[in-house]
1. What residue, among those in region B:219-231 that are under 22 Å from B:ASN140 (Cβ atoms) and more than 14 Å from the chain's Cα centre (by Cα), is nearest to ligand 2 (Cβ to nearest atom)?
2. Could you grab me the full set of residues in region B:111-145 that are within 17 Å of the chain's Cα centre (by Cα), closer than 21 Å to A:VAL193 by Cα, more than 8 Å from chain A (Cβ to nearest Cβ) and part of a loop (DSSP other than H, G, I, E, B)?
3. Do you know which residues across region A:173-228 are of a type in the set (Ser, Thr, Tyr) and at the interface with chain B (Cβ under 10 Å from one of its Cβ atoms)?
4. Look through B:ARG81, B:ARG103 and report the one residue that is under 30 Å from B:LEU279 (Cα atoms), free of Cβ contacts under 8 Å to residues at least 60 places away in the same chain, open to solvent by 10 Å² or more (accessible area, probe 1.4 Å) and within 12 Å of ligand 1 (Cβ to nearest atom).
5. Quick one: which helices (runs of 4 or more DSSP H) lie wholly within region A:123-237 and hold at least 1 residues that are open to solvent by less than 50 Å² (accessible area, probe 1.4 Å), without any contact (Cβ under 8 Å) to a residue 12 or more places away in the chain and in contact with a Leu (Cβ under 9 Å, 6 or more places away or on another chain)?
6. Scan region B:135-152 for residues that are small (Gly, Ala, Ser) and either closer than 17 Å to A:LEU188 by Cβ or crowded, with 20+ Cβ neighbours inside 10 Å (or both) and jot them down.
7. For residues that are within 14 Å of chain A (Cβ to nearest Cβ) and in a helix (DSSP H, G or I), scanning just region B:181-204, find the one that is nearest to ligand 2 (Cβ to nearest atom).
8. Tell me, which helices (runs of 4 or more DSSP H) wholly within region B:205-290 include 1 or more residues that are among the hydroxyl-bearing types (Ser, Thr, Tyr) and open to solvent by 50 Å² or more (accessible area, probe 1.4 Å)?
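The values are calculated or read from the model by the stated rules, or taken from the named source; none is laboratory data. Every value quoted in this text rests on a predicted model; they were computed, and no experiment measured them. Here the Cβ positions follow ideal geometry from the backbone for every residue, glycine too, while neighbour counts run over all protein chains shown. Keep in mind that these areas ignore ligands, DNA and RNA; they rest on the heavy atoms of the full protein, side chains included. Shrake-Rupley method; radii C 1.70, N 1.55, O 1.52, S 1.80 Å.
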Amino acid sequence: MHPPATAAPPRAPATENGSGAPPRRPAVAPRRRNRLLDRWVSPIALLVGWQLGASLGILPERLLPAPSTVAATALGLLQDGSLVDAVGVSLQRVLTGFAIGATAGIALAVVVGLSRWGDNLVDPPLQMLRTVPIFGLIPLFILWFGIGETPKVALVALAVTIPLYVNTAAGIRGVDPKFRDVAHVLRLSRLGVIRHVVLPGSLPGLLVGLRLSLGSAWLALIVAEQINADAGLGFMINSAREFLRTDIVVLGLIVYSLLGLITDAFVRLLERRALVWRRAFGTR
Amino acid sequence: MAARFRHPVNGAAAARPAAVDGTADQSAALDGGASRATAVDATADRPAAPEAAASGGAAAEVRGLSRAFDGRPVLADVDLRIESGEFVALLGRSGSGKSTLLRVLAGLDREAEGTVAASDSAMVAFQEPRLLPWKRVWANIALGLDGTAPKEAAVAALGEVGLADHADAWPLTLSGGEAQRASLARALVREPELLLLDEPFGALDALTRITMHDLVLHLWRRHLPGVLLVTHDVDEALLLADRVLVLADGRIAHEEHIGLPRPRHRDADALLHARDRLLAVLGVHPTGDR
Ligand SMILES: Nc1ncnc2c1ncn2[C@@H]1O[C@H](COP(=O)(O)OP(=O)(O)OP(=O)(O)O)[C@@H](O)[C@H]1O
Ligand SMILES: [Mg+2]
């Protein structure tokens, strides 16, 4: 993701107007807006170009339909409810898999981060699992779980577990041992240490893991849905391909990326709220 | 108030001063006979419960304490006793092992050898403030406090160190001296029987330092904890402490009893000689300020 203008510290635009002008506060707001607009110029130009190319017949409709066609298709599928249904099915797969994977990943990381035995016993197999290309597991999953919902959810769960585990465990290991001394002196219980020291201290790592794992959750879903599905976005795309409905294929891809964007924005929001204590320092 | 051995030193060894501890008897009853006195904990594998401890009133007692890092000895056979309600200052050059000794007393060092008995309500103000950055200042102070109104207690303690306004701030926004005062408040709010202060005034300006001296003396008089104050400042030690110790070459190399009533003036005659002697032990020729 590109660093969005909104995440930049307030003084960044002021330094950008460079040229020796004293950074005047009132000048900041308009410049920020301009910069945001600047960043939209090329995407919009591409879209216009695409539309023009299609309308003028330079881009064959069969290979890449015009944006207007895709929009019309979207409207149609929204009206007959099939797009909503497909998104609903896919979303449910991703959320179920994510919930399972996140629970497992964080729980394993806590076990590993807090006990030497946990570290010795649990970490090595997980690190090995990390090197297994998870899409290579699909045939195995189909043999194990059949072709229903289970292998798809399992694949998503696994795709979530690994990055979340790795980053959370690293976050927990990275918690300054001095803070554990503090916890000891304040006589916190073991649970208190986890709640007040270990988890908040590893939150930066956990959130990185969360973002990565959501990304791989969507990826795993897309791949799993390509293999076999009788409902959901992947099924919609696959059957569209059989009928040469390029517009639906493109629409499916757009929906996938929108969903990815939304979850990413959600994590950003979470990050902003959970790490205020760091921001307070940065903007001081 | 039960003071007991919180931390086994050198494996399972854990002796405690029986007279300070109502529960010692019950553990002594379990003792297989390795001990000569009632003052030995059941789990003790070294029967070294010090006699002196049995006479009661110690906030902390250390016998034959040794600690080495990677084969390099830092503490070698340290004996130290802090009576309850006694104010002890510990001087020593940088790297002489003051913080190491303090960590042992706080129960944070399990690899030291020797016997250690310390009140189980020991509190530490560490050399760096060590506030949890993800908790607001008041929540840092209130952390682990039980009681009906931990926040009120925390804010009151912050008020005592002049930080009431910063109760809701994030620790990373505090100045060095403010953070140190917050850390002091965190230790004081629990009214410990043993207060371990590791250079708590290091980052303070001279004026705030004087205020904090008064505050610590005030709180000390009110709760009468045993205090071990680690400092580099000979004058600070002389102004505050009943007893000033010098740690050098891994052991307590010198001891000064300061009988002078407080408040003391740094130029008081009685302090002059003590200062010269301390400086001499520290290897400083008494011409400079330190
Ligand atoms: N965990 C550790 N591992 C290795 N060496 C250590 C460790 N802790 C302390 N030391 C060493 O022990 C010696 C004493 O350290 P300590 O922190 O007790 O000194 P100090 O007297 O508190 O010094 P200062 O006044 O500078 O705070 C130092 O040489 C230090 O390098
Ligand atoms: Mg030190």
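1. Going through the qualifying residues, I end up with B:LEU219.
2. B:ASP120, B:SER121, B:PRO129
3. A:SER189 - this is the single residue of region A:173-228 that is of a type in the set (Ser, Thr, Tyr) and at the interface with chain B (Cβ under 10 Å from one of its Cβ atoms).
4. Matching residue, one of B:ARG81, B:ARG103: B:ARG103.
5. Details: elements: A:138-145, A:149-173, A:177-185, A:190-193, A:199-227.
So the answer is A:177-185, A:190-193, A:199-227.
6. B:ALA139, B:ALA142, B:GLY144, B:GLY147
7. Of everything passing the filter in region B:181-204, B:SER183 is nearest to ligand 2 (Cβ to nearest atom).
8. B:206-223
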